[in-house]
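Reviewing the structure listed below.
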Amino acid sequence: MKHMKPFHWLAIVLVLGALTLSGCKTEHRFVKKTAFKDMDKIVITFAGPVDEAWATNTANYSVYEEPDPDIVLTPKEATLSPDRTKVTLTFPEALNTGEAHILSMTDILSEGKHLGPALLTVKKLYLGVLFTLLLGAALINNFVFTKYIGLCVFFGTSQKRSTAIGMGITFTIVIVFAAMMAWALYQFVLKPFQLTFLNIVVFIGLVSLSVQGVDTILRKVNPMLFKAFGVYLVLVIANCIAIAVPLMLADNEYNAWESLMLALGAGVGFLIALFLMACAREKLELANVPPTFKGLPIAFVTAGLFALAFLGFSGMSIY
Amino acid sequence: MDPALVKLAIGGLVVLGCIGLFFGIGLAMAAQKFHVEPDPLVEEVLETLAGAQ
């Protein structure tokens, strides 16, 4: 312990402080936590046992989505756990769990005591949302196999495994760089000046700009890496995913973190797609393919089979 | 013409022009700062090649 520098201690104290603060922060002193369960349930955990007659009366609860307070959702059923600390509200329809919900309860009754009404926010963990976005862009909505974007570069550079990996990594770096710039430009320039109809023009310029920038800087700073990237860096300009990602983040009004996750997911998804395809095509070289199907035609058939396999991911949700 | 539209169009031209100028100057400065001397051998070899491809 003697070797620890003062700023290590400071960091530990700060982290612990943040943890305790976040742990203590509740919206009502008698409610421990609220969470979504399945698609149509909300679970409320109380700090102590509550009265059964109060807890199971659905009239005591009202819920609405944060953006529209006029649409009140009433639970179909309220059930209390045997230890009387957990209430599960079941709704007649699936809840839009991507949105924060506001739950209001009338005067909480606990063993004869009145604990006052509560107004609570029910929402998913933000890290979970970000993780879902990353995995969604990489696998569930893989740009190549489910959206069929970026196919030209995909078929052009998936003949060898080494080229596939090189292209995938170069693309990931450039797309993250371009997407963050696109986000900043969209939020701070295009939106305030009401120029959002020029999205496409601006983003195309931005992608070529970031490719040119990476090219110029890398040539000097790391010539070895530049040699390794070779022609792929320029090919990124021709990749449709590089324009799809900025347009998507503008359309969905993603914030900086969400944009980063989308771009990273798109890059990793493209890398996965390229690598899988390169593995299959290396084997195809040795296979006895009918002459009419040799080369690109059989590659298209293979890509179709991959797309079918990726269809298995559709409809999956992580949180 | 609606003056609001004219204002929007001129504003857009100015803003995009500024962005373009800004990034253009940025790229030019980067190109100068990270300038790499091209290998004279490359040029010579290219000259002697047929250049049909």
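The values are calculated or read from the model by the stated rules, or taken from the named source; none is laboratory data. Everything numeric here is computed off the predicted structure, so don't read it as measured data. Reconstructed Cβ throughout: ideal geometry from the backbone, glycine too, with neighbour counts over all protein chains shown. To get the accessible areas, we keep the full protein, side chains included, count just its heavy atoms, and leave off ligands, DNA and RNA. Shrake-Rupley method; radii C 1.70, N 1.55, O 1.52, S 1.80 Å.
With each label point set 7 Å from Cα along the Cα-Cβ vector, what nm distance links B:PHE22 and A:PHE131?
Spacing of the two 7 Å Cα→Cβ label points: 3.7 nm.
Under unit Cβ charges (Lys, Arg +1; Asp, Glu -1), what dipole magnitude, rounded to 20 debye, does chain A have relative to its Cα centre?
Here chain A has a charge dipole of around 1540 debye.
With r defined as the distance between the Cβ atoms of A:SER317 and A:LEU14 and R0 fixed at 41 Å, what FRET efficiency is calculated, to the nearest 0.05?
Approximately 0.75, to the nearest 0.05.
List, in the order given, every pair from A:LYS86/A:LYS124; A:LYS37/A:LYS86; A:LYS37/A:LYS124; A:LYS76/A:LYS123; A:LYS147/A:LYS294 whose Cα-Cα distance in the structure shown is over 22 Å.
Too far apart for the 22 Å limit: A:LYS147/A:LYS294.
Would you kindly state how much longer the chain becomes between A:CYS240 and A:PHE275 on full extension, computed as 0.36 nm times their sequence separation minus their alpha carbon distance, in nm to one decimal?
My answer for the length gained is 10.8 nm.
Given a Förster radius of 41 Å and the C-beta distance between A:LYS294 and A:ASN222 as r, what FRET efficiency does 1/(1 + (r/R0)^6) yield to the nearest 0.05?
Plugging the Cβ-Cβ distance into 1/(1 + (r/R0)^6) gives 0.60.
For the pair A:VAL72/B:LEU46, report the inter-label distance in nm, with labels modelled 7 Å from Cα in the Cβ direction.
Between A:VAL72 and B:LEU46, the label points sit 7.5 nm apart.
If I model a spin label as a point 7 Å beyond the Cα along the Cα-Cβ vector, how far apart are those points for A:ASP107 and B:VAL6 in nm?
Taking the simple label geometry, A:ASP107 and B:VAL6 are separated by 6.7 nm.
Chain pair B, A: how much accessible area is buried, both chains summed, with a 1.4 Å probe, in Å² to 100?
Buried surface at the B/A interface: approximately 1200 Å².
Taking a ≥ b ≥ c as the square roots of the eigenvalues of the Cα gyration tensor of region A:27-124, is the shape rounded (a/c under 1.5), prolate (a/b larger than b/c) or oblate?
Note, shape of region A:27-124 comes out prolate.
Determine one quarter of the surface area of the Cα convex hull of the protein assembly as shown, which equals its mean projected area, and express it in nm² to one decimal.
It is 33.3 nm².
Sorted by average packing, counted as other Cβ atoms within 10 angstrom per residue and highest first, what order do A:61-71, A:31-41 take?
Most protected by this proxy first, the peptides run A:31-41, A:61-71.
Select from region A:132-171 those chymotrypsin sites (Phe, Trp or Tyr not before Pro) which occupy a DSSP coil region and have at most 16 other Cβ atoms within 10 Å, ordered by residue number.
Hits after loop and neighbour filter: A:TYR148.
Amide H of A:ASP51 versus every other amide H placed in the peptide plane: which residues, excluding those fewer than 5 positions away on the same chain, fall under 5 Å?
Under 5 Å from the amide H of A:ASP51 lie the amide H atoms of A:LEU109, A:SER110, A:GLU111, each far enough along the sequence or on another chain.
If you average the alpha carbon positions of region A:81-97 and of region A:178-196, how far apart do those two centres end up, in angstrom?
If you average the Cα positions of each part, the centres end up 41 Å apart.
Set Lys and Arg Cβ to +1 and Asp and Glu Cβ to -1, take the dipole of region A:127-313 about its Cα centre, and tell me which of A:TYR148, A:ALA138, A:LEU286 lies farthest positive.
A:LEU286
With everything on Cα atoms, drop me the angle between helix A:161-185 and the longest principal axis of chain A, reported from 0 to 90° to the nearest 10.
Helix A:161-185 and the main axis of chain A meet at about 50 degrees.
Give the average, rounded to an integer, of partner chain Cβ atoms located within 10 angstrom of each Cβ in A:209-220.
Averaged over the peptide's residues, the number is 4.
What is the angle, in °, between the Cα long axis of helix A:296-310 and the longest principal axis of the Cα atoms in chain A? Nearest 10 is fine, range 0 to 90.
That helix lies at roughly 10 degrees to the long axis.
Report the residues of region A:113-153 in range of a label on A:ASP51: point 7 Å along Cα→C-beta, backbone N strictly under 19 Å from it.
Hits in region A:113-153 for A:ASP51 at 19 Å: A:113-119.
Over the whole of B:27-34, what's the average partner chain Cβ count within 10 Å per residue? Rounded to a whole number, please.
Values: counts 4, 1, 0, 6, 7, 1, 3, 8.
The per-residue average across the peptide is 4.
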